[in-house]
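The values are calculated or read from the model by the stated rules, or taken from the named source; none is laboratory data. Here the structure is a predicted model, which means the values were calculated and not measured. Positions of Cβ are backbone-derived with ideal geometry, glycine not excepted, and every protein chain shown enters the neighbour counts.
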Amino acid sequence: MPISAFAVKVPAAEAIAADLRRRFDPTVALGVPAHITLLVPFMDPARITDDVLARAQRVLQRTASFSFSLGKVGRFPETAYLAPEPAAPFIEMTRALVKEFPEFPPYDGAHDDIIPHLSVAHGNALHAEEAAIELQARLLAAGPVQARCTEVTLIENASGRWVDMDVFPLPAASGM
């Protein structure tokens with residue numbers, strides 16, 4: 001069944017993680033860029049109406065654009081990831097989307113906590129460990145990835161590949 005997802009693309013992470021993502025994250029072959037997921041799975045793309053898009057825009061407008069860094073490596077059992085700091089704005093956007101669309105809990109409600117992350121390796125514990133070690137070495141050599149969240153992208157996979165469906169610009173932070 002086709003699904004959609006709200007994601008924050010992080011092109012700045014490609015320099016440190018693109019080759020590892022290509023080796024260890026099967027979603028790369030399906031068109032998924034480096035990103036931090038806010039909400040997946042979201043509704044079937046065929047059900048997304050102008051009203052749904054307007055509701056999502058209203059929710060996301062509550063968060064001003066912000067800077068963040070990716071300087072720490074985290075692990076789930078079969079995943080290695082870069083953890084964004086601060087994490088709070090990502091968590092707040094996820095909670096706001098879930099409040100607006102309660103029928104779509106993050107990861108189908110499989111986890112109690114919301115842990116924002118940029119997956120680099122997924123699906124195999126040994127590959128995740130290998131990627132985590134390499135990521136840590138790269139961060140020590142190059143320092144944290146600096147990025148800015150200025151928009152949220154709704155992506156969908158109805159064709160079998162993930163493509164952009166809509167983009168929601170975030171308002172400028174006051175004083176910017």
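For the range 126-162, the set of residues classified as within 18 Å of residue 14 (Cα to Cα) and in a strand (DSSP E or B) consists of 145, 146, 147, 148, 149, 151, 152, 153, listed by residue number. When residue 74 is tested against (1) within 26 Å of residue 127 (Cβ to Cβ); (2) touching a strand residue (DSSP E or B) at 6+ places or on another chain (Cβ under 8 Å); (3) touching a residue at least 60 places away in the same chain (Cβ under 8 Å); (4) not hydroxyl-bearing (Ser, Thr, Tyr), exactly one condition is not met: (3).
When the residues of the range 99-122 are narrowed to those that are within 15 Å of the chain's Cα centre (by Cα) and in a helix (DSSP H, G or I), which ends up surrounded by the fewest Cβ atoms within 10 Å (Cβ to Cβ)? Among residues in the range 99-122 that are within 15 Å of the chain's Cα centre (by Cα) and in a helix (DSSP H, G or I), the one surrounded by the fewest Cβ atoms within 10 Å (Cβ to Cβ) is 107.
Yes or no, residue by residue, for (1) basic (Lys, Arg); (2) within 22 Å of residue 135 (Cβ to Cβ); (3) surrounded by fewer than 15 Cβ atoms within 10 Å (Cβ to Cβ):
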| position | (1), (2), (3) |
| --- | --- |
| 25 | no, yes, no |
| 36 | no, yes, no |
| 41 | no, no, no |
| 50 | no, no, yes |
| 58 | yes, no, yes |
| 65 | no, no, no |
| 80 | no, yes, no |
| 85 | no, yes, yes |
| 97 | no, no, no |
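For the range 1-51, the set of residues classified as over 17 Å from residue 149 (Cβ atoms) and without any contact (Cβ under 8 Å) to a residue 40 or more places away in the chain consists of 18, 19, 22, 28, 29, 47, 49, 50, 51, listed by residue number.
Scoring residue 101 on the criteria (1) modelled with pLDDT under 95; (2) in contact with a Lys or Arg (Cβ under 9 Å, 6 or more places away or on another chain) leaves a single failure, condition (1).
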